[in-house]
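The values are calculated or read from the model by the stated rules, or taken from the named source; none is laboratory data. As the structure is a computational prediction, the values presented were derived from the model and not from experiment. Note that each Cβ is placed from the backbone with ideal geometry, even for glycine, and that neighbours are counted across all protein chains shown. The protein model used for the area step is the full one, side chains on, heavy atoms only, and it has no ligands, DNA or RNA in it. Shrake-Rupley method; radii C 1.70, N 1.55, O 1.52, S 1.80 Å.
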Amino acid sequence: MSARILIVEDSPLVTEAFSILFTEAGYEVDTAATVAEAIERGTSEVVDVMILDISLPDGSGLEVLGALRDNGSLPRATLAMTGHNDPVSHRKCIEAGCAEVLLKPVPIAELLRQIKRHLQ
Amino acid sequence: MSMSDRSDPAALKKRLKTLEAQTKEAQRTVDELKARDALKTQFLSNISHDLRTPLAAIITHAEILREGMLGDLNTKQRDSVSGIVNGGQQLLDMIDEILTYVRGASDQVTLVRTTFSITEVVDQVRLLNQALAAKKGLTIERLNGDDLPPVYADSDKLKHVLGNLIGNAIKFTPEGGRIWIRFTRRGRNADELVVEVGDTGRGISRGNHELIFREFAQVDASPSRPHHGTGLGLAIARKLVELHYGTIWVESELGKGSRFFFTLPLTATK
């Protein structure tokens, strides 16, 4: 069975691009556009890797991690995506439990490499 | 103030009142300008973030196509799609430059200082720019520095400064020219490092030496100018150097190349 990736991102444009990318790379894909939706999707299905946008309309993406940890549904790895290349937000993501912090837009080769590495 | 004002207390009082009113008015104008400047900064920040998202989608889609994930492309198709990726990347770099400027303008830039070898950082930036320079037949040399002690600074910010200076040198130096990086030490204990980025390019007239470090300033700002950019590169470089308590300046004459200098404290003075 192929690994499942949950894309948490509020821009439908970016979600669509990632959906095509991950589906073509052979993964199962699920999507969420808000913190609430991400918690719901992450709890109802087993997620192997979560691609997490930090700025979401109803809060910080990091809240998703906290909620999934509380209900025992943490994905194997969470890769944070941020538009800010600053050390403070980087540290916050790592402290919240993200395995990697990637600066948007991540070159697709790098993104697929990171996912593969965390699934091993 | 006239002689009659000095001898007439009523006139003096009136004059004082006028001055007070004028000072208040001036302060109001300053406050309003500051508020407008903050609005402009916020607008730039918002618009830059909003531009980044669709651009990220464009680049990702184009990369998926270029990598043949949706089927094989012939050479012409791949070249064309590569053009979309490269153009998108260039646009993204410009947006990032605006964001860096905005953070600097609103004092959101914090330095993460470590001790490191400046020559290694220079060599990394040289390497990054090698392909671009080679396209124009330019050489980028580091003339000295192997014996320098480490610097205590923010290496990422320093890379940004060097990247901007070397990028400009590549942009404004005609084919076959030279770009170099040279270090000198100054100060009582030779505890200040001067980094020079020089080129054999078209040079900058003396009257524009100050202008080029101002935000949004370009010596040639006409729509038909041959070199486009945000006009923020040197303003950002200055901000980042000043955060390190350094200074940045240029020595140049039209037609005689340019030498940009900036200073950094060496480890011993941290």
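For region B:37-54, state whether one or more residues are touching a Leu at 6+ places or on another chain (Cβ under 7 Å), open to solvent by 70 Å² or more (accessible area, probe 1.4 Å) and modelled with pLDDT of 85 or more.
Taking every residue of region B:37-54 in turn, none turns out to be touching a Leu at 6+ places or on another chain (Cβ under 7 Å), open to solvent by 70 Å² or more (accessible area, probe 1.4 Å) and modelled with pLDDT of 85 or more.
In region A:82-105, what residues are part of a helix (DSSP H, G or I) and of a type in the set (Lys, Arg)?
Applying the first criterion (part of a helix (DSSP H, G or I)) to region A:82-105 yields A:87-96.
Matches in region A:82-105: A:Arg91, A:Lys92.
Restricting attention to region A:4-34, which residues are open to solvent by 10 Å² or more (accessible area, probe 1.4 Å) and either assigned to a strand (DSSP E or B) or over 25 Å from B:Ile59 (Cα atoms) (or both)?
The answer is A:Arg4, A:Glu28, A:Val29, A:Asp30, A:Thr31.
Given the conditions (1) more than 30 Å from B:Pro265 (Cβ to Cβ); (2) in a helix (DSSP H, G or I); (3) within 14 Å of another protein chain (Cβ to nearest Cβ), report the number of the one that B:Gln77 does not fulfil.
All conditions pass for B:Gln77, except number (3).
Restricting the first residue to region B:48-61 and requiring it to be within 7 Å of chain A (Cβ to nearest Cβ), which pairs with a second residue that is hydroxyl-bearing (Ser, Thr, Tyr) meet a Cβ separation below 9 Å and a spacing of at least six or different chains?
B:His49/A:Ser55; B:Thr53/A:Ser11; B:Pro54/A:Ser11; B:Ala56/A:Ser11; B:Ala57/A:Ser11; B:Ala57/A:Thr15
When you scan region B:173-211, how many residues do you find that are farther than 18 Å from B:Thr263 by Cα and under 15 Å from the mean Cα position of the chain (by Cα)?
Counting residues in region B:173-211 that are farther than 18 Å from B:Thr263 by Cα and under 15 Å from the mean Cα position of the chain (by Cα) gives 1.
Considering only residues that are open to solvent by less than 40 Å² (accessible area, probe 1.4 Å) and within 9 Å of chain B (Cβ to nearest Cβ), which ones fall in region A:99-120?
The answer is A:Lys104, A:Pro105, A:Val106, A:Ile108, A:Leu111.
In region B:88-112, how many residues are at pLDDT below 90 and out of contact with any Ser or Thr (no Cβ under 7 Å at 6 or more places or on another chain)? Show your work before the answer.
Our first condition is that a residue be at pLDDT below 90; within region B:88-112, this holds for B:89-112.
Narrowing further to those that are out of contact with any Ser or Thr (no Cβ under 7 Å at 6 or more places or on another chain): B:89-93, B:96, B:100-101, B:103-104, B:107-112.
Counting residues in region B:88-112 that are at pLDDT below 90 and out of contact with any Ser or Thr (no Cβ under 7 Å at 6 or more places or on another chain) gives 16.
From the set of residues in region A:27-46 that are over 24 Å from B:Leu51 (Cα atoms) and hydrophobic (A, V, I, L, M, F, W, C), which is farthest from the other protein chains (Cβ to nearest Cβ)?
If we filter region A:27-46 for residues that are over 24 Å from B:Leu51 (Cα atoms), which is where we start, we get A:27-30, A:36-46.
Filter again for hydrophobic (A, V, I, L, M, F, W, C), leaving A:29, A:36, A:38-39, A:46.
Numbers: A:Val29: 14, A:Ala36: 21, A:Ala38: 18, A:Ile39: 23, A:Val46: 26 Å.
This residue is A:Val46.
Which count do you get for residues in region A:43-76 that are farther than 30 Å from B:His160 by Cβ and without any contact (Cβ under 8 Å) to a residue 60 or more places away in the chain?
Selection size over region A:43-76: 22.
If I filter region A:68-83 for residues that are within 14 Å of chain B (Cβ to nearest Cβ), crowded, with 16+ Cβ neighbours inside 10 Å and out of contact with any Asp or Glu (no Cβ under 7 Å at 6 or more places or on another chain), do I get at least one hit?
Step one: list which residues in region A:68-83 are within 14 Å of chain B (Cβ to nearest Cβ), which gives A:81-83.
If we keep only those that are crowded, with 16+ Cβ neighbours inside 10 Å as well, we get A:81-83.
Checking the rest, the ones that are also out of contact with any Asp or Glu (no Cβ under 7 Å at 6 or more places or on another chain) come to A:82-83.
Yes, some residue in region A:68-83 is within 14 Å of chain B (Cβ to nearest Cβ), crowded, with 16+ Cβ neighbours inside 10 Å and out of contact with any Asp or Glu (no Cβ under 7 Å at 6 or more places or on another chain).
When only residues in region B:80-98 that are over 30 Å from B:Arg214 (Cα atoms) and loosely packed, with under 15 Cβ neighbours inside 10 Å count, which is nearest to the other protein chains (Cβ to nearest Cβ)? So that I can check it myself, show each step before the final result.
Step one: list which residues in region B:80-98 are over 30 Å from B:Arg214 (Cα atoms), which gives B:80-85.
Then keep just the ones that are loosely packed, with under 15 Cβ neighbours inside 10 Å; that gives B:80, B:83.
Working: B:Ser80: 18, B:Gly83: 16 Å.
Per the stated criteria, the residue is B:Gly83.
Among B:Leu16, B:Leu65, which is the only one that is within 14 Å of another protein chain (Cβ to nearest Cβ), surrounded by 10 or more Cβ atoms within 10 Å (Cβ to Cβ), without any contact (Cβ under 8 Å) to a residue 60 or more places away in the chain and more than 30 Å from the chain's Cα centre (by Cα)? So that I can check it myself, show each step before the final result.
On the way: B:Leu16 fails: within 14 Å of another protein chain (Cβ to nearest Cβ).
Being within 14 Å of another protein chain (Cβ to nearest Cβ), surrounded by 10 or more Cβ atoms within 10 Å (Cβ to Cβ), without any contact (Cβ under 8 Å) to a residue 60 or more places away in the chain and more than 30 Å from the chain's Cα centre (by Cα) holds for just one of B:Leu16, B:Leu65, which is B:Leu65.
For region B:229-248, which residues satisfy the criterion of being touching a strand residue (DSSP E or B) at 6+ places or on another chain (Cβ under 7 Å), aliphatic (A, V, I, L, M) and open to solvent by 20 Å² or more (accessible area, probe 1.4 Å)?
B:Ile248
All but one of (1) within 14 Å of another protein chain (Cβ to nearest Cβ); (2) part of a helix (DSSP H, G or I); (3) at pLDDT below 90 hold for B:Gly163; state the number of the condition that does not hold.
The number of the failed condition is (3).
I need every pair where a residue in region B:106-123 that is more than 9 Å from chain A (Cβ to nearest Cβ) has its Cβ under 6 Å from the Cβ of a residue that is surrounded by 15 or more Cβ atoms within 10 Å (Cβ to Cβ) and among the small types (Gly, Ala, Ser), sequence separation at least 6 or different chains.
The qualifying pairs are B:Arg113/B:Ala153; B:Phe116/B:Ser155; B:Thr119/B:Gly145; B:Val121/B:Ser155.
Output the residues belonging to region B:99-131 that are farther than 22 Å from B:Pro150 by Cβ, open to solvent by 40 Å² or more (accessible area, probe 1.4 Å) and in a helix (DSSP H, G or I).
Residues satisfying the conditions are B:Arg103, B:Ala105, B:Gln130, B:Ala131.
Inspect all residues belonging to region A:13-26 and state whether any of them is within 14 Å of chain B (Cβ to nearest Cβ), farther than 24 Å from B:Gln89 by Cβ and either touching a Lys or Arg at 6+ places or on another chain (Cβ under 8 Å) or polar (S, T, N, Q) (or both). Please lay out each step first, then the result.
So in region A:13-26, the residues within 14 Å of chain B (Cβ to nearest Cβ) come out as A:13-26.
Narrowing further to those that are farther than 24 Å from B:Gln89 by Cβ: A:23, A:26.
The next check asks that each one be either touching a Lys or Arg at 6+ places or on another chain (Cβ under 8 Å) or polar (S, T, N, Q) (or both); those that pass are A:23.
Yes, region A:13-26 contains at least one residue that is within 14 Å of chain B (Cβ to nearest Cβ), farther than 24 Å from B:Gln89 by Cβ and either touching a Lys or Arg at 6+ places or on another chain (Cβ under 8 Å) or polar (S, T, N, Q) (or both).
For the subset of region A:47-67 comprising residues that are open to solvent by less than 20 Å² (accessible area, probe 1.4 Å) and in a loop (DSSP other than H, G, I, E, B), which member is modelled with the lowest pLDDT?
Out of the qualifying residues, it is A:Gly61.
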